[in-house]
Structures are given as structure tokens and as C-alpha cells.
1. Return the subset of K16/K78; K22/K90; K22/K113; K8/K169; K78/K155 for which the Cα-Cα distance in this structure is over 25 Å, preserving the input order.
2. Could you tell me what % of all Cα pairs in the chain have separations over 31 Å?
3. So how tilted is helix 131-154 from the main axis of the chain? Cα-based, degrees 0 to 90, rounded to 10.
4. Report, largest value first, the span of the C-alpha coordinates of the range 1-47 along each principal axis, in whole Å.
5. Please identify the trypsin sites (Lys or Arg not before Pro) of the range 20-65 that satisfy two criteria: DSSP loop assignment and at most 16 other Cβ atoms within 10 Å. Which are they?
6. Which order results if L109, L54, L72 are arranged by neighbouring Cβ count within 10 Å, fewest first?
7. Please list, by residue number, every one of the GluC sites (Glu not before Pro) in the range 86-146 that is coil in DSSP and has at most 14 other beta-carbon atoms within 10 Å.
8. Roughly speaking, what % of Cα-Cα pairs in the range 38-125 are separated by over 15 Å, rounded to a whole number?
Amino acid sequence: MSDALITKRAIAEALKKICREKPFDKISIADITSDCGLNRQTFYYHFQDKYELLSWIYYNEIFARITEDITLENWDQKILFMLQIMEEEKSFYKNTIREREHTFESYLLEMAKALFLEAIIALDENVKLSEEEQTFDAEFYAYGICGVIMSWAEKGMKMKPEIVVHRLKNLAQATERIACLRGQAEL
């Protein structure tokens, strides 16, 4: 592992630790560098500001890992993995999830849109939907799943991740059955 990556991880761990005690918007660069024993110059060498650091954490700890080789067959396990990470780091995610341009929500939404678009195209075997309709439908479902996950996090992650994923998968399967029936009825 490179020295730069080791330093970035140390900075990230410092922010996560401080987030257990202090609201994100009250955390300064000085707080972060003091906790990990680095100077401000080192912080700014790696990150533009604490928001870029936050985005780096979200991407590297969750989104890069769950989007890697995600498929229509394993999406539920990838979402479960994400929810389990969030639950393990509950105070950090509850404290930061709504920060600056909804970074977490934006990553989640883009991933969900891409996955639903792939599913819709696969289900639309007879190409009955226009590209615009496919995109619209994918956005509808992406906003739904994203909203459920954001609500779960904001309400304290009280429901077990396995239950959340089970319910999301049931809804997705029910929607798939409806799409198949709609396609058969149009034949």
C-alpha cells in the first residue's frame, strides 16, 4: 500500500472517529489533523476540504466496492453489504449522510439508476418502451430505493439490514412480474 493511501486512510479514520462525538458541520480541518497527528499542509496535499474527504470515504469504503461486478443477480447482496457497513459505522453515517450536495445520496442514486435501466432493458424484450420511457422508469425505481435507504439511515437504522434488503428484493421481483404480465398482455 502506498504512503499516500496510508495517509488518506489515517485522515479518514480521524474524521470518522471525531464524527462519533461531534456534528460534521462543526468539525474543522484542525480537529482532523490534530486527531491523526498530521499537519494542515499534509491534509491539503491529499484533500481539498473536508467535503472531498467525505466523498472519498463514501466512494472507497462503499460505492467502489458495491458497484464492482454488480449484476441483476447479486444487487441485493451488494446493497446488504452497504447497509451492514453503514450499520457498523452508524454514528458516522447518521452524522454525515445529508452533507453538501447529498454526496452519499448522489452516489446511491446513480448506481441504482444504472442497475434499474439495465433491468428494464432486459425485461423489455420486444422493445416496446422508448429510450426516454426506459430512463424515466429507471429513475422512478432508483429514487424509490434511494429514498428507502436514506429514510432507514435517517431514522436510526432500526430495521435490520437483512429485512430492508429482503423487502427491496420482494418489491423488485413483484415489479418484474408486473412488467412481464404487461408485456404478455400487449402481445
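1. Values: K16/K78 22 Å; K22/K90 14 Å; K22/K113 33 Å; K8/K169 35 Å; K78/K155 21 Å.
Long pairs (Cα-Cα over 25 Å): K22/K113; K8/K169.
2. Values: 4913 of 17391 pairs.
For the chain, the share of Cα pairs beyond 31 Å comes to 28 percent.
3. 50 degrees
4. The Cα atoms of the range 1-47 stretch 30, 19, 16 Å along the principal axes, largest first.
5. Details: sites: R20, K26, R40, K50, R65; in loops: R20.
Here the trypsin sites (Lys or Arg not before Pro) that fit, given the DSSP loop and packing criteria, are R20.
6. Numbers: L109 19, L54 24, L72 14.
Lowest count first: L72, L109, L54.
7. On the way: sites: E87, E88, E89, E99, E101, E105, E110, E118, E125, E131, E132, E133, E139; in loops: E89, E99, E101, E125.
Loop-located and lightly packed - E101, E125.
8. For the range 38-125, the fraction of Cα-Cα distances above 15 Å is 65 percent.
A short reminder: the numbers here are calculations on the coordinates, not readings from a lab. Note that this is a predicted model, so its numbers are computed, not measured. Using ideal geometry, Cβ is built from the backbone for each residue, glycine included, and neighbour counts are taken over all protein chains shown.
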